[in-house]
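Colleague: Here it is: the structure, laid out below.
The values are calculated or read from the model by the stated rules, or taken from the named source; none is laboratory data. Worth saying up front: this structure is predicted, and the values here are computed from it rather than measured. As a convention, Cβ positions derive from the backbone with ideal geometry for all residues, glycine included, and neighbour counts pool all protein chains shown.
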Amino acid sequence: MFVIDCPNCGSRDQSEFTYAGEAHIARPTESENMTDAEWAEFVFMRTNTKGLFAERWWHATGCRKFFNMLRNTATDEIHAVYRIGEKPPKVTANLPLTPAGESSIGSGNDAVKIMTRDEENAS
Amino acid sequence: MKRYSALELIRQGLGGHRGWDRVWRKPEPKPSYDAVIIGGGGHGLATAYYLAKLHGMTNIAVVEKGWIGGGNSGRNTTIIRSNYLFDESAAIYNHALDLWKGLGQELNFNIMMSHRGVLNLAHDEGEMRQLKRRVEANRLNGVDSEWLDAKEVKNFCPSINISGHIRYPVLGGTLQRSGGVNRHDGVVWGYARAADALGVDILQQTEVTGILTEAGEVTGIETTRGTIRTPKVASVTAGHTSVMANMLDIRLPVESHPLQALVSEPIKPILNCVVMSNAVHVYCSQSDKGELVIGAGIDAQLSYTQRGNLDIIEHQMASLMELFPIFSRLRMMRQWGGIVDVCPDASPIISKTPVKGFYVNGGWGTGGWKATPGSGHVFADLIAKDEPNRIAAPFAIDRFTTGALVAEHGAAAVAH
Ligand SMILES: Cc1cc2nc3c(=O)[nH]c(=O)nc-3n(C[C@H](O)[C@H](O)[C@H](O)COP(=O)(O)OP(=O)(O)OC[C@H]3O[C@@H](n4cnc5c(N)ncnc54)[C@H](O)[C@@H]3O)c2cc1C
Ligand SMILES: [Zn+2]
């Protein structure tokens, strides 16, 4: 269970929040001129990042405000919480060494050998 | 491939079981193949098997970053049914169901296929109407499906609680008698053994780290065990479908979420069928070992960790208690998560892509196990001919641009 630090209310249990998906997807301004492909991009296409990911959360049973969060989807570590309209801060995260790899902590995948950065450098 | 049989079992038993062959080889990667399949789950191995068997493509490899069946194939609750609402879904899931029926024989491997019946319960009038409509739609598509009232539900599944005194009483349900469960590992190993016997190389502990292209066409892959040349690359990586597509800057409408399941301690046979409920949100079956196999919905957040949150499990348990008070003192033994690739319309993607020679099979979300043979069968056809067949065509990526979605949320809310 995540403990999420709402920018307005402070630390609360995840069950108080509703997930609201990928952050920073701006609504198109000239929608009347958009092609079907551009609409598909806005409505459906998602980055689905493995690694550092900016996402929106809604404090549904608290202040009822939306905010952004920066989380490592390969480990579930929460790195930062910031307000709507702000840019994601720079952070360092324990990222997988390869696009589909597993990080050295936080993975429930026991089918792969997980290399740490030291092992990778040694090999 | 040495055939498995009762006689062979006795013969090997007399020899102390020392004479069995390896079930599949452990080859070194070749420098090049006619096609490479990324992902050694059920869908990837089925694709390889049908490519070799039906399309004569035997110089191919399946590349798997962990061990085969270590992804969702080894983590799912194996519910098999085809009672989906729309024609496109009925076509592919029924195609799979037909293949399941003879698969154990065909692969010469015991996949423990059990057509014990799948019940989908209704708990309010709206749901009742919707499920009855689905029964009629199923029948028009040749899918076996019938409506049972609450008493008939109880007759079919005696351990269920149909009392009117619970928060969401059981008002009735649909039954697909040909639905059921099977053994996930058996299917994976059976396909692997049969594909290997046809010459397919299965490369485990080999992760694809890049896809090579020249002038918009696939020319090979980079792996943790070196470069492999090939004109055709097919991604069947479930939760990692977007990660693969992102390597070629192809945008997909997929989001990856944890989906959890758990099993109880083993008990004597008590549950004779699969029971699913969308409204109270839980589903349950009993394995041949005697464990109750329980699951429900995804964790809300995007994640690749193959772990989920406890409140999801708690909710499933509460729902199970309401349907089966008799289970209340059972201990739960193991709990785990897989990463499912969810599409906005709850239907899969089986498609060519803008990059020639790169094919995608994914987006099966919470319910792709049941499709395994059908998915592999039609995907092999697409890879071999570079054109989708009638069953695969509606699941192309361009449906998100044209708007021709196959919106199966009604059939797939809890849905496995
Ligand atoms: C808990 C749970 C319960 C479920 N219950 C049901 C159910 O009851 N009924 C049902 O129909 N469906 C169910 N599903 C869904 C079902 O499991 C999946 O839709 C289906 O198994 C997907 O098959 P697959 O072969 O594509 O995926 P997987 O078995 O996940 O195979 C994909 C493989 O790709 C590999 N891979 C990923 N990236 C790379 C890379 N870079 N290089 C090499 N290999 C890579 C992975 O290691 C993995 O082995 C459930 C899923 C879960 C998690
Ligand atoms: Zn708040």
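Colleague: So which residues in the range B:85-131 are closer than 25 Å to B:Arg183 by Cβ and of a type in the set (S, T, N, Q)? If you could, list the steps in order and put the result at the bottom.
Modeller: Quick first cut of the range B:85-131, residues closer than 25 Å to B:Arg183 by Cβ only: B:89, B:92-120.
Those that are closer than 25 Å to B:Arg183 by Cβ and of a type in the set (S, T, N, Q): B:Ser89, B:Asn94, B:Gln105, B:Asn108, B:Asn110, B:Ser114, B:Asn120.
Colleague: Okay, next question. Quickly run through the range B:187-213 and pick out the residues that are in a strand (DSSP E or B) and within 16 Å of B:Lys26 (Cα to Cα). Outline the logic, then answer.
Modeller: Residues of the range B:187-213 in a strand (DSSP E or B): B:201-203, B:208-213.
Those that are in a strand (DSSP E or B) and within 16 Å of B:Lys26 (Cα to Cα): B:Asp201, B:Ile202, B:Leu203.
Colleague: Among the residues of the range B:51-74, which ones are buried (at least 21 other Cβ atoms within 10 Å of the Cβ), over 21 Å from B:Thr227 (Cα atoms) and near ligand 1 (Cβ under 8 Å from one of its atoms)? It would help to see each step written out before you state the result.
Modeller: Looking only at the range B:51-74, we keep the residues that are buried (at least 21 other Cβ atoms within 10 Å of the Cβ), and these are B:51-52, B:57, B:60-65, B:68-73.
Applying the additional criterion that residues be over 21 Å from B:Thr227 (Cα atoms) yields B:51-52, B:69-73.
Within the range B:51-74, B:Gly69, B:Gly70, B:Gly71, B:Asn72, B:Ser73 qualify.
Colleague: Sticking with this structure for a sec: Output yes when any residue across the range B:370-386 is more than 29 Å from B:Gln105 (Cβ to Cβ), touching a Phe, Trp or Tyr at 6+ places or on another chain (Cβ under 8 Å) and more than 14 Å from chain A (Cβ to nearest Cβ), and no when none is. Steps first, please.
Modeller: Here is the first cut: in the range B:370-386, the residues more than 29 Å from B:Gln105 (Cβ to Cβ) are B:386.
Restricting the remaining residues to those that are touching a Phe, Trp or Tyr at 6+ places or on another chain (Cβ under 8 Å) gives none.
Scanning the range B:370-386, I find no residue that is more than 29 Å from B:Gln105 (Cβ to Cβ), touching a Phe, Trp or Tyr at 6+ places or on another chain (Cβ under 8 Å) and more than 14 Å from chain A (Cβ to nearest Cβ), so the answer is no.
Colleague: Looking at the range A:50-63, I want the residues that are closer than 12 Å to B:Ala300 by Cβ and have a partner that is within 16 Å of ligand 1 (Cβ to nearest atom) and part of a loop (DSSP other than H, G, I, E, B) with Cβ atoms under 8 Å, at least 6 apart or on another chain. Which pairs are those?
Modeller: A:Glu55/B:Gln301; A:Glu55/B:Leu302
Colleague: I need the full set of residues from the range B:294-330 which are out of contact with any strand residue (DSSP E or B) (no Cβ under 9 Å at 6 or more places or on another chain) and either buried (at least 23 other Cβ atoms within 10 Å of the Cβ) or within 14 Å of chain A (Cβ to nearest Cβ) (or both), in order please.
Modeller: B:Glu314
Colleague: Residues of the range A:1-32 being more than 12 Å from the chain's Cα centre (by Cα), more than 16 Å from ligand 2 (Cβ to nearest atom) and more than 9 Å from chain B (Cβ to nearest Cβ), which ones?
Modeller: Filtering the range A:1-32 for residues more than 12 Å from the chain's Cα centre (by Cα) gives A:1-18, A:25-32.
Subsequent filtering for residues that are more than 16 Å from ligand 2 (Cβ to nearest atom) retains A:1, A:25-32.
Answer for the range A:1-32, where residues must be more than 12 Å from the chain's Cα centre (by Cα), more than 16 Å from ligand 2 (Cβ to nearest atom) and more than 9 Å from chain B (Cβ to nearest Cβ): A:Ile25, A:Ala26, A:Arg27, A:Pro28, A:Thr29, A:Glu30, A:Ser31, A:Glu32.
Colleague: For the range B:20-43, name all the residues that are within 16 Å of ligand 1 (Cβ to nearest atom) and either within 14 Å of chain A (Cβ to nearest Cβ) or among the polar types (S, T, N, Q) (or both).
Modeller: Listed by number, the residues that qualify are B:Ile38, B:Gly39, B:Gly40, B:Gly41.
Colleague: While we're on this one: Quick one: which residue in A:Ser107, A:Ser11 is of a type in the set (Gly, Ala, Ser), in contact (Cβ under 8 Å) with a residue 12 or more places away in the chain and farther than 23 Å from B:Asp249 by Cβ?
Modeller: On the way: A:Ser11 fails: in contact (Cβ under 8 Å) with a residue 12 or more places away in the chain.
It is A:Ser107.
Colleague: Can you list the helices (runs of 4 or more DSSP H) lying wholly within the range B:46-156 that have 2 or more residues being more than 20 Å from B:Thr372 (Cβ to Cβ)?
Modeller: On the way: elements: B:87-107, B:125-140, B:150-156.
So the answer is B:125-140, B:150-156.
Condition check ((1) touching a Gly at 6+ places or on another chain (Cβ under 9 Å); (2) over 19 Å from B:Ala35 (Cβ atoms)) across all residues:
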| position | (1), (2) |
| --- | --- |
| B:Ile326 | no, yes |
| B:Val340 | yes, yes |
| B:Asn361 | yes, no |
| B:Trp364 | no, yes |
| B:Trp369 | yes, yes |
| B:Asp381 | no, no |
| B:Thr402 | no, yes |
| B:Ala407 | no, yes |
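Colleague: Residues in the range A:33-72 that are within 7 Å of chain B (Cβ to nearest Cβ) and surrounded by fewer than 17 Cβ atoms within 10 Å (Cβ to Cβ): how many?
Modeller: 2
Colleague: Let me ask something else about it. Got a number for residues in the range B:11-43 being loosely packed, with under 10 Cβ neighbours inside 10 Å and β-branched (Val, Ile, Thr)?
Modeller: 0
Colleague: For A:Thr98, indicate whether it is in contact with a strand residue (DSSP E or B) (Cβ under 6 Å, 6 or more places away or on another chain), more than 15 Å from ligand 2 (Cβ to nearest atom) and not charged (D, E, K, R).
Modeller: Working: in contact with a strand residue (DSSP E or B) (Cβ under 6 Å, 6 or more places away or on another chain): yes; more than 15 Å from ligand 2 (Cβ to nearest atom): yes; not charged (D, E, K, R): yes.
Against the criterion (in contact with a strand residue (DSSP E or B) (Cβ under 6 Å, 6 or more places away or on another chain), more than 15 Å from ligand 2 (Cβ to nearest atom) and not charged (D, E, K, R)), A:Thr98 qualifies.
Colleague: Within the range B:234-276, restricting attention to residues that are more than 14 Å from chain A (Cβ to nearest Cβ) and within 14 Å of ligand 1 (Cβ to nearest atom), which residue is farthest from B:Gly216 (Cα to Cα)?
Modeller: B:Cys273
Colleague: Now a separate question. Out of the range B:247-260, which residues are closer than 19 Å to B:Gly74 by Cβ and in contact with a Lys or Arg (Cβ under 7 Å, 6 or more places away or on another chain)?
Modeller: Kept after step one, since they are closer than 19 Å to B:Gly74 by Cβ, are these residues of the range B:247-260: B:256-260.
Residue satisfying the conditions is B:Pro258 alone.
Colleague: Against the conditions (1) within 16 Å of ligand 2 (Cβ to nearest atom); (2) within 9 Å of chain B (Cβ to nearest Cβ); (3) surrounded by 14 or more Cβ atoms within 10 Å (Cβ to Cβ), where does A:Tyr82 fall short? Just the number, please.
Modeller: Against the list (1) within 16 Å of ligand 2 (Cβ to nearest atom); (2) within 9 Å of chain B (Cβ to nearest Cβ); (3) surrounded by 14 or more Cβ atoms within 10 Å (Cβ to Cβ), A:Tyr82 comes up short only on (2).
Colleague: Out of everything in the range B:211-245 that is within 26 Å of the chain's Cα centre (by Cα) and more than 20 Å from A:Ala111 (Cβ to Cβ), what residue ends up being surrounded by the fewest Cβ atoms within 10 Å (Cβ to Cβ)?
Modeller: B:Lys232
Colleague: Taking the condition of being buried (at least 22 other Cβ atoms within 10 Å of the Cβ), of a type in the set (A, V, I, L, M) and in a loop (DSSP other than H, G, I, E, B), how many residues in the range B:161-184 meet it?
Modeller: Total meeting the criteria: 1.
Colleague: I've got another one for you. Out of the range B:288-336, which residues are β-branched (Val, Ile, Thr) and under 30 Å from A:His59 (Cβ atoms)? Reasoning before the result, please.
Modeller: Quick first cut of the range B:288-336, residues β-branched (Val, Ile, Thr) only: B:293-294, B:298, B:305, B:312-313, B:326.
The answer is B:Ile298, B:Thr305, B:Ile312, B:Ile313.
Colleague: A further question on this structure: Is the range A:46-68 home to any residue that is within 25 Å of B:Ile349 (Cα to Cα), basic (Lys, Arg) and touching a helix residue (DSSP H, G or I) at 6+ places or on another chain (Cβ under 7 Å)? If you could, list the steps in order and put the result at the bottom.
Modeller: So in the range A:46-68, the residues within 25 Å of B:Ile349 (Cα to Cα) come out as A:46-51, A:53, A:55.
Those still in the list that are basic (Lys, Arg) too: A:46, A:50.
Filter once more, so that each one left must be touching a helix residue (DSSP H, G or I) at 6+ places or on another chain (Cβ under 7 Å): A:50.
Checking the range A:46-68: at least one residue is within 25 Å of B:Ile349 (Cα to Cα), basic (Lys, Arg) and touching a helix residue (DSSP H, G or I) at 6+ places or on another chain (Cβ under 7 Å).
Colleague: Now, a different point. Only residues that are in contact with a strand residue (DSSP E or B) (Cβ under 6 Å, 6 or more places away or on another chain) and without any contact (Cβ under 8 Å) to a residue 60 or more places away in the chain: list them for the range B:244-275, please.
Modeller: If the condition is that a residue be in contact with a strand residue (DSSP E or B) (Cβ under 6 Å, 6 or more places away or on another chain) and without any contact (Cβ under 8 Å) to a residue 60 or more places away in the chain, then B:Met247 is the only one that fits.
Colleague: Can you find even one residue in the range B:326-346 that is among the acidic types (Asp, Glu), within 27 Å of B:Ser89 (Cβ to Cβ) and touching a residue at least 24 places away in the same chain (Cβ under 8 Å)? Break it down stepwise before answering.
Modeller: First, the residues of the range B:326-346 that are among the acidic types (Asp, Glu): B:341, B:345.
Then keep just the ones that are within 27 Å of B:Ser89 (Cβ to Cβ); that gives B:341, B:345.
Retained after the next criterion (residues that are touching a residue at least 24 places away in the same chain (Cβ under 8 Å)): B:341, B:345.
There is at least one residue in the range B:326-346 that is among the acidic types (Asp, Glu), within 27 Å of B:Ser89 (Cβ to Cβ) and touching a residue at least 24 places away in the same chain (Cβ under 8 Å).
Colleague: Continuing with the same structure: Please determine, by comparing only the residues of the range B:16-42 that are outside any loop (DSSP other than H, G, I, E, B) and in contact with a strand residue (DSSP E or B) (Cβ under 6 Å, 6 or more places away or on another chain), which one is farthest from ligand 2 (Cβ to nearest atom).
Modeller: B:Ser32
Colleague: Spot the failing condition for A:Ser107; the list is (1) at pLDDT below 95; (2) over 18 Å from the mean Cα position of the chain (by Cα), and only one is missed.
Modeller: The single condition A:Ser107 does not satisfy is (2).
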